[in-house]
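Asker: Can you read through this structure? Questions will come right after.
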Amino acid sequence: MSDKNEQEIYRIKELESMNLSTENNRELVIKTGKAVSRENDILAEKINKNLVKNNVKSFDIVGAIGAGKTAILERIIEKISNDYRILVINGDIVTRIDADRIEKHGAKSIQINTGRECALNAYHIHQILKNQDLSKYDLLFIENVGNLICPSEFFLGADKRIIVVSVTEGEWVVEKHPMLFKMSEIAVINKIDLAERLRTDVNKMINDAKMINPNIKVITTSAKTGTNIDILIKNLNL
């Protein structure tokens with residue numbers, strides 16, 4: 001992606017985020033937005049082909065802030081790090097807190113700080129992977145920025161997408177954010193150890209996910225207690 005294209009992308013994001021789009025620039029916003037999406041998809045496809053060529057299984061993990069994405073990753077890596085060579089890319093606005101947490105469990109972790117950007121895109125992933133020897137890894141996990149909206153705009157080149165929500169977000173969280181459920185292969189409903197106390201209707205969340213995407217696999221977990229983490233790992237074909 002050229003410097004000119006990057007500048008155009010940032011300008012469009014500024015226009016959209018600040019509601020500055022007017023009749024004069026709306027056509028530019030739409031045209032450039034389509035171009036950005038097209039370039040992202042082309043790059044994501046190249047990323048996936050490169051990962052497959054190197055026999056690296058890959059997973060894109062999305063979910064809201066506090067849903068438990070990092071905690072679930074920690075649990076998974078604890079259980080499989082002796083059997084697989086794992087690379088994790090963590091996306092966040094600032095800090096490398098998540099990357100530091102992951103590395104304690106035996107995986108290499110690289111933090112991407114996106115600043116104002118609310119999701120990772122294929123260009124972020126490409127910039128990381130082009131400097132990695134993929135023959136050294138068996139698995140790649142990409143933990144996206146905590147958000148249930150923005151990640152739906154960008155494919156990252158992973159084999160599968162996993163969406164994580166939690167009972168603390170309320171039983172309506174699934175039906176209120178259908179797009180990522182449509183675009184994911186696995187849905188994780190986390191923090192089920194709190195469901196009874198919060199009186200969250202977990203069955204509603206499961207049914208909503210299946211209504212939105214009949215092909216999605218729904219798994220209830222508790223990263224705190226480890227409940228059903230083995231089932232999740234099995235569904236990752238690991």
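Asker: If the requirement is being farther than 23 Å from Val56 by Cβ and among the aliphatic types (A, V, I, L, M), which of these qualifies: Leu148, Leu120, Leu156? Give the steps one after another, and end with the answer.
Answerer: Working: Leu120 fails: farther than 23 Å from Val56 by Cβ; Leu156 fails: farther than 23 Å from Val56 by Cβ.
That would be Leu148, the only listed residue that is farther than 23 Å from Val56 by Cβ and among the aliphatic types (A, V, I, L, M).
Asker: I need every pair where a residue in the stretch 205-230 that is at positive phi has its Cβ under 7 Å from the Cβ of a residue that is modelled with pLDDT of 95 or more and assigned to a helix (DSSP H, G or I), sequence separation at least 6 or different chains.
Answerer: That search, which allows pairs on different chains as well, returns Gly226/Arg75.
Asker: Of everything in the stretch 155-176 that's buried (at least 21 other Cβ atoms within 10 Å of the Cβ) and free of Cβ contacts under 8 Å to residues at least 40 places away in the same chain, which residue is nearest to Asn48 (Cα to Cα)?
Answerer: Of everything passing the filter in the stretch 155-176, Val174 is nearest to Asn48 (Cα to Cα).
Asker: Can you spot a residue in the stretch 90-105 that is over 17 Å from the mean Cα position of the chain (by Cα), part of a strand (DSSP E or B) and over 18 Å from Glu153 (Cα atoms)?
Answerer: No.
Asker: Look through the stretch 199-220, keep the residues that are over 11 Å from Phe181 (Cβ atoms) and among the polar types (S, T, N, Q), and return whichever of them is surrounded by the most Cβ atoms within 10 Å (Cβ to Cβ).
Answerer: By that ranking, first place goes to Thr200.
Asker: In this structure, does Ile61 turn out to be over 14 Å from Tyr123 (Cα atoms), assigned to a helix (DSSP H, G or I), at pLDDT 95 or above and touching a Leu at 6+ places or on another chain (Cβ under 9 Å)? Before the answer, list the steps.
Answerer: Values: over 14 Å from Tyr123 (Cα atoms): yes; assigned to a helix (DSSP H, G or I): no; at pLDDT 95 or above: yes; touching a Leu at 6+ places or on another chain (Cβ under 9 Å): yes.
For Ile61, the condition - over 14 Å from Tyr123 (Cα atoms), assigned to a helix (DSSP H, G or I), at pLDDT 95 or above and touching a Leu at 6+ places or on another chain (Cβ under 9 Å) - is not met.
Asker: What is the one condition in (1) in contact (Cβ under 8 Å) with a residue 60 or more places away in the chain; (2) over 11 Å from Val164 (Cα atoms); (3) among the basic types (Lys, Arg) that Lys69 does not satisfy?
Answerer: Against the list (1) in contact (Cβ under 8 Å) with a residue 60 or more places away in the chain; (2) over 11 Å from Val164 (Cα atoms); (3) among the basic types (Lys, Arg), Lys69 comes up short only on (2).
Asker: Within the stretch 72-82, count every residue that is farther than 26 Å from Glu169 by Cβ and either touching a Gly at 6+ places or on another chain (Cβ under 8 Å) or without any contact (Cβ under 8 Å) to a residue 24 or more places away in the chain (or both).
Answerer: Quick first cut of the stretch 72-82, residues farther than 26 Å from Glu169 by Cβ only: 80-82.
So of that shortlist, the ones also either touching a Gly at 6+ places or on another chain (Cβ under 8 Å) or without any contact (Cβ under 8 Å) to a residue 24 or more places away in the chain (or both) come out as 81-82.
Adding up the residues that qualify gives 2.
Asker: Anything in the stretch 71-115 that is buried (at least 22 other Cβ atoms within 10 Å of the Cβ) and among the hydroxyl-bearing types (Ser, Thr, Tyr)? List them, or say none.
Answerer: Ser109
The values are calculated or read from the model by the stated rules, or taken from the named source; none is laboratory data. Quick caveat, the model's predicted, so the values are computed rather than measured. Glycine gets a Cβ as well: all are built from the backbone with ideal geometry, and neighbour counts include every protein chain shown.
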